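The values are calculated or read from the model by the stated rules, or taken from the named source; none is laboratory data. Computed from a predicted structure; not experimentally measured. Cβ placement follows ideal geometry from the backbone for every residue including glycine, while neighbour counts extend to all protein chains displayed. Just the protein is used for accessible areas: all its heavy atoms, side chains included, with ligands, DNA and RNA removed. Shrake-Rupley method; radii C 1.70, N 1.55, O 1.52, S 1.80 Å.
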Amino acid sequence: FFVPSVMDAHRRPYSLDQLRPTATLESWRRWYVLSDPVLERSFHERSQKMTVKPSIIWAFFMILEGLLLGVIFPYAVPTSTLNLLSLSEASFHWIHAFPFTLGTLLLIVLASCRLARTHCIQILTVAVFAMITFHGAFTWFQITGWQNQDKERLNLVWKLLKDDPTAETQLRTHLAEVYQYFAARDQIVFCVPQLSVFFLLPYSRFTSVALILSCMGFMMAMGVNGKVDTAITMDHVLFMVVGSIHITLLSRHSTMWRRRHFIAEYQYSAALEKAIEASRRADSILNHTLKNTMADAAGEIEIFLETACTCQSLTPLKQCMGLLQRGMRCCRHRQAYFLLAADAYQPQLVAQNLLRFGTGLATGRLLSMQFPNIDVFMDPILCSLVFDNAISNAFMHGHRSEPEVSFIITCDPLCMAGQPDMVRVTFRVTNRHDSQKPPITKSFVDALRKGVPVERSSLLSDQIGFQHSILAARAIGADLDLYQEGDFVILQLVMNVKRATDERLEPRTSVSASDHDAPVFPRGLTILCIDDSAPARRLMEHGFTKWLSAGKVIALGGCQQDYVTFQDTVMREKPDIVVCDQHLDFDYLGTDLVQGLKDGGYTGLLCIRSGNHSEQDVELYMKSGARCVFPKDMPMCKMAQILKEQYLGWIDAAHSNVQTTLSPTGTEIAVGFSPGQFAVVDIC
């Protein structure tokens with residue numbers, strides 16, 4: 001009951017000898033405790049919990065003993081034998097009612113009182129002490145029964161010795177000594193299982209004192225009525241004391257062994273947690289660095305494409321930029337993928353335009369596409385995971401020269417009573433099958449759904465992507481299917497969603513120029529941005545100048561002096577818009593800079609542009625005073641479009657002198673701004 005399952009020898013990557021130098025124990029008056037009080041408390045708490053099961057087993061044995069000796073045995077013994085013992089059936093029941101009552105009471109206490117489980121060692125120790133004392137008191141009952149029995153069986157002997165008082169006294173004395181000796185021995189035999197319970201309990205001052213008191217209780221209960229000679233009592237008690245010392249030494253050794261295993265388990269768990277935490281930090285650093293690197297590369301390509309001439313030879317570079325943006329999006333959704341793999345993801349339904357969603361996934365890929373221009377509530381993170389994998393696999397494992405990949409989204413109304421806004425959306429990715437690879441069969445797909453290892457096929461090299469897609473579809477309540485019709489492999493996902501706006505089902509294969517039209521925006525604004533990445537500074541300087549027609553763009557972050565004098569620079573230049581990166585060089589944070597500007601009385605539009613875009617990150621940005629949050633994978637033209645709308649809304653709210661209210665996060669939001677439009681800017 002006391003050996004942890006994680007300490008199995010065949011799974012243990014270390015030996016106890018290696019841990020003994022670090023398994024710190026300190027001795028104080030021969031009571032061994034762990035030097036760390038927190039660990040000592042944890043050890044005792046676990047010991048209390050692990051003693052519950054042995055206590056229940058012990059209680060059942062006591063109930064069984066009471067039933068056998070107090071209920072069954074009296075009816076199996078002839079009445080004449082009970083008469084010889086000077087007993088009635090009722091008295092025999094009551095004598096053995098004690099173990100039955102004690103066991104039943106222990107079960108009731110452990111089952112009904114939660115506090116008793118935290119003190120199970122003490123309760124079991126007291127119960128064992130009571131049973132040992134009971135067996136000591138039972139000796140006089142056993143001696144009396146034997147003496148009464150001999151009066152009937154040895155009646156002829158007593159008649160012959162009636163005229164010889166000396167011989168009669170000598171026989172009675174001899175029989176009394178024999179009865180005392182064997183009665184005490186029998187009860188000691190009954191006490192051995194009780195004493196062995198102390199071996200199972202952790203060695204401590206309480207259990208050691210209780211063991212000594214048990215021996216004293218047995219001796220006092222056995223000699224209190226005067227039927228047992230003191231010499232015989234001391235002889236048997238000495239035997240119990242020697243046995244108790246032996247049990248104490250064994251208990252001490254086993255407890256030390258348990259403590260060493262407890263320390264080894266604790267050190268193993270601490271080392272595992274440390275390794276996991278280090279892995280998480282390294283993963284976070286790698287993820288952040290990867291996002292920033294891809295953002296810088298995409299920014300350099302974006303600047304080049306906007307300044308270079310338009311020609312067909314730049315198409316691969318545009319595709320490369322689309323791939324970088326998808327890579328940054330996947331990095332940004334790392335936490336969602338982690339929760340999905342842990343089966344702990346909760347779908348996040350947001351209003352999403354299917355045309356923009358499909359176009360974003362198809363960017364940088366040569367495929368045919370058809371998407372309806374309709375807004376629905378869906379989970380863009382998991383849907384993008386499914387179709388990023390599907391489109392990539394279609395190109396990777398489809399026909400080598402003519403893959404004929406297509407991505408089509410269709411939307412059909414549902415006639416559901418009481419839910420007129422429900423629609424059925426069907427996503428379908430199709431590619432031509434490679435004739436040199438085996439076809440996709442139903443048994444193959446079923447094996448993938450169950451996670452059964454299968455041979456590599458034309459779909460995937462290791463089937464990991466499809467299994468993740470199955471997890472994502474299950475999380476959002478969608479039906480995912482993979483099948484082959486003729487020469488084409490089809491991956492289809494069907495789900496029922498709620499429509500966000502009026503349905504507009506005109507098929508479109510590209511985004512029109514009107515999507516980039518912006519409202520009237522003042523020219524010649526001063527925009528100040530700070531970023532520790534030179535490509536990011538060049539991208540914002542170029543993009544704000546081109547897309548916002550800014551009169552002056554101040555790009556800071558190239559040296560430490562820019563961060564030291566940042567607030568003074570803002571107050572001196574009085575920019576209309578300030579854009580900060582979150583993680584900056586020299587241990588500066590964008591949230592600290594934004595908070596400083598807000599506390600200093602800056603009245604312009606504060607924005608944060610960061611690669612970290614989780615819910616916790618966005619909440620932190622908004623609490624610091626930022627009004628807009630942009631991911632770094634957003635193209636500059638889209639960022640400029642949204643920034644125009646936010647700035648115009650900001651100006652209108654400032655000139656109308658309307659009251660401001662507090663958002664759930666405590667950030668002031670001007671009346672007329674919707675939280676989704678104002679607080680967080682995201683793309684699928």
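Some values worked out for this structure:
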quantity	calculated
Label-point gap, in nm, between ARG260 and CYS320 - each point 7 angstrom along Cα→Cβ	6.3
Label zone at PHE586 (point 7 Å along Cα-to-Cβ), backbone N below 11 Å, the stretch 547-570	557-567
Ranking by accessible area, most exposed first, for TYR563, TYR203, TYR588 with a 1.4 Å probe	TYR588, TYR203, TYR563
Distance between the stretch 261-294 and the stretch 583-625 - C-alpha centres, whole angstrom	27
Modelled label reach - VAL38, point 7 Å along Cα→Cβ, the stretch 263-297 residues with backbone N closer than 18 Å	263-278
Mean separation of Cα contacts under 8 Å, 6 or more apart, over the residue count of the stretch 328-446: relative contact order %	22
Residue-wise HN-Hα coupling along the stretch 352-359, computed from phi with Karplus coefficients 6.51, -1.76, 1.60 (Hz; x: Gly, Pro)	9, 7, 5, 5, 5, 4, x, 5
Spatially proximal lysines relative to LYS162 (Cα-Cα < 28 Å; intrachain offsets below 8 disregarded)	LYS151, LYS227
Gap separating the Cα centres of the stretch 550-568 and the stretch 529-544, nearest whole Å	11
Karplus-derived 3J(HN,Hα), 6.51/-1.76/1.60, for each residue of the stretch 573-587, Hz, glycine and proline x	7, 6, x, 6, 9, 10, 10, 10, 7, 7, 8, 10, 5, 6, 6
Most to least accessible of TRP547, TRP140 (protein chains only, probe 1.4 Å)	TRP140, TRP547
Peptide ranges 268-275, 555-562, 595-602 listed from the most packed, as the mean C-beta count within 10 angstrom indicates	555-562, 595-602, 268-275
Computed label-point distance, nm, for sites SER392 and LEU171 using a 7 Å Cα→Cβ extension	10.2
Over 22 Å (Cα to Cα) - which of LYS291/LYS638; LYS574/LYS632; LYS546/LYS644; LYS450/LYS498; LYS574/LYS644; LYS442/LYS498 fall in this group	LYS574/LYS632; LYS450/LYS498; LYS442/LYS498
FRET E, pair PHE182, VAL209, Förster distance 30 Å, beta-carbon r, rounded to 0.05	0.45
Theoretical FRET efficiency, 1/(1+(r/R0)^6), r = Cβ-Cβ of HIS246 and GLN348, R0 56 Å, to 0.05	0.30
Accessible area (Å², 1.4 Å probe, nearest 10) - HIS399	50
FRET efficiency, 1/(1 + (r/R0)^6) with R0 35 Å, evaluated for LEU305 and THR603 via beta carbons	0.45
Accessible-area value, SER401, 1.4 Å probe, nucleic acids and ligands omitted, Å²	90
Inter-label distance for LEU339 and SER112, nm, one decimal - labels placed 7 Å from Cα along Cα-to-Cβ	4.4
Protection-proxy order for peptides 343-350, 363-370, each taking the mean of Cβ atoms within 10 Å per residue, highest first	363-370, 343-350
